[in-house]
Amino acid sequence: MRRSDTLVIFRKELSVLRRSKRTLMATLIIPLLLFPSTSAIVNYISHMQADTTAHAEVAVSSLDDAPDFVASALASTYDLKVMDEMSARDALVSGQLDVYISWIRGNRGTEEHVDVLYSSRSTQSSVVAHTIEQLASTQNDATLAQVSQVQAVPYVVVGVSDISDGSAETYLVLQSFASFALVMGCCMGASNIAGHLSAGEREKHTLDALVSTGVNVSSIVGGKLLTTFVLSVASGICALVSICVADALWLHVLDLSTLQIAFCAVGVLLAAAVFSPVQLLAGFCAKSYREAQTYSGVITVVSMLPMYWAMSTVAGREAIEVWAMPVVNLYCLLRSALASLALGSAQLTLVLSSTCLVVVACALATTAAIKRGLGS
């Protein structure tokens with residue numbers, strides 16, 4: 001692969017795409033609008049949810065020697081009732097109670113082992129229990145938070161603060177959604193471009209004309225891959241800019257620092273490096289531009305599903321196997337950056353090695369697909 005040929009093809013592809021206003025709008029404008037519009041809805045729902053849970057029925061085992069968060073935050077928010085566990089279970093099943101909390105003091109009063117009971121048949125019950133769980137999970141790295149459906153599961157709560165305004169859950173939701181928006185921004189940017197550079201050129205027979213000039217196939221792949229990567233990065237950066245602007249102007253939840261934004265930009269580069277060769281390979285495997293768009297849609301959906309699963313985990317507590325999964329590890333990387341969590345060397349190694357593996361494998365497969373197409 002000759003660098004000069006690769007750069008010539010890169011400039012040629014950019015000049016062609018610059019004249020396609022629809023492609024540029026889908027690549028740059030949509031990511032700018034995606035997060036602000038949806039985050040406003042998420043923020044509104046979270047505050048509505050907080051207003052609803054303020055009227056929840058909460059019972060405790062005792063008000064004597066209560067943990068700090070029961071004596072202060074919960075007591076000021078809810079009209080706490082005192083019940084024994086057996087009566088509370090019956091009330092939960094019948095829907096007369098939303099959450100039941102009991103506790104056992106730790107050694108020398110330094111920890112509270114708290115049991116939370118709720119009923120999954122009640123949305124309000126699930127929301128209140130989930131809010132307590134998420135809040136406890138964000139307090140300290142040593143915190144282990146779990147709740148169960150009509151079955152007590154002990155967990156340790158350290159320094160829990162007020163949950164009445166729903167700000168903790170709003171922060172976690174927007175944090176997860178911002179990470180998701182950054183990854184999908186890169187995916188959308190690559191999918192919008194790759195179809196034009198592969199199956200689109202094959203339909204117009206411009207690819208055959210390009211090969212007939214004597215340019216090496218590897219240089220063609222390199223130029224198209226570089227073009228897809230640059231525009232995918234541009235799409236991801238647009239998503240990052242929209243997140244920063246939305247949080248600074250009206251959300252005021254994430255409060256991103258310069259270092260966090262820099263780490264997010266690195267995550268965008270890695271996400272673009274993964275999606276660009278994958279989408280380009282799908283385009284060259286397709287027989288038409290319409291088929292390439294179908295393949296891109298499938299790749300987007302397949303990429304979204306494991307990220308939905310990863311949203312159910314707490315940032316910084318993912319299993320090490322998750323960091324070896326492409327796309328999912330990028331989502332976890334971005335979420336950790338937004339949460340200001342430090343990553344270990346093993347996690348970073350898995351992210352970089354999986355990214356390099358995807359890039360090399362797809363680049364070789366794309367070269368083989370072009371040569372096979374020319375041979376036929």
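Projecting the Cα atoms of Leu348, Leu281, Ile320 onto the charge dipole of the stretch 230-376, computed from C-beta unit charges around the Cα centre, puts Leu281 farthest toward the positive end.
Normalised by 2.2 N^0.38 Å, where N counts its residues, the alpha-carbon radius of gyration of the stretch 326-376 equals 1.65. What FRET efficiency do you get for Asp84 and Met311 if R0 is 35 Å and r is their Cβ-Cβ distance, rounded to the nearest 0.05? Using R0 = 35 Å, I get an efficiency of 0.45. Partners of Lys287 within straight-line reach, counting lysines whose Cα lies under 25 Å from its Cα and excluding those fewer than 8 residues away in the same chain: Lys12, Lys21, Lys204, Lys224, Lys371. With K and R counted +1 and D and E -1, the other residues having a Cβ less than 15 Å from that of Tyr308 yield a net charge of 0.
Subtracting the Cα-Cα distance of Ser20 and Arg290 from their residue separation scaled by 0.36 nm leaves 95.5 nm. In this entry, the stretch 256-310 is assigned a mean projected area of 4.7 nm², taken as a quarter of its C-alpha convex hull surface.
Once all protein chains are placed together, Cys356 keeps about 80 Å² accessible to a 1.4 angstrom probe. Relative to the 2.2 N^0.38 Å rule of thumb, the stretch 223-339 has a C-alpha radius of gyration ratio of 1.17.
Counting heavy atoms of the protein chains alone, Leu226 has an accessible area of about 60 Å² for a 1.4 Å probe.
The values are calculated or read from the model by the stated rules, or taken from the named source; none is laboratory data. All of these numbers come straight from a predicted model, not from anything done at the bench. All Cβ positions, even for glycine, are placed from backbone atoms using ideal geometry, and neighbour counts span all protein chains on display. The protein model used for the area step is the full one, side chains on, heavy atoms only, and it has no ligands, DNA or RNA in it. Shrake-Rupley method; radii C 1.70, N 1.55, O 1.52, S 1.80 Å.
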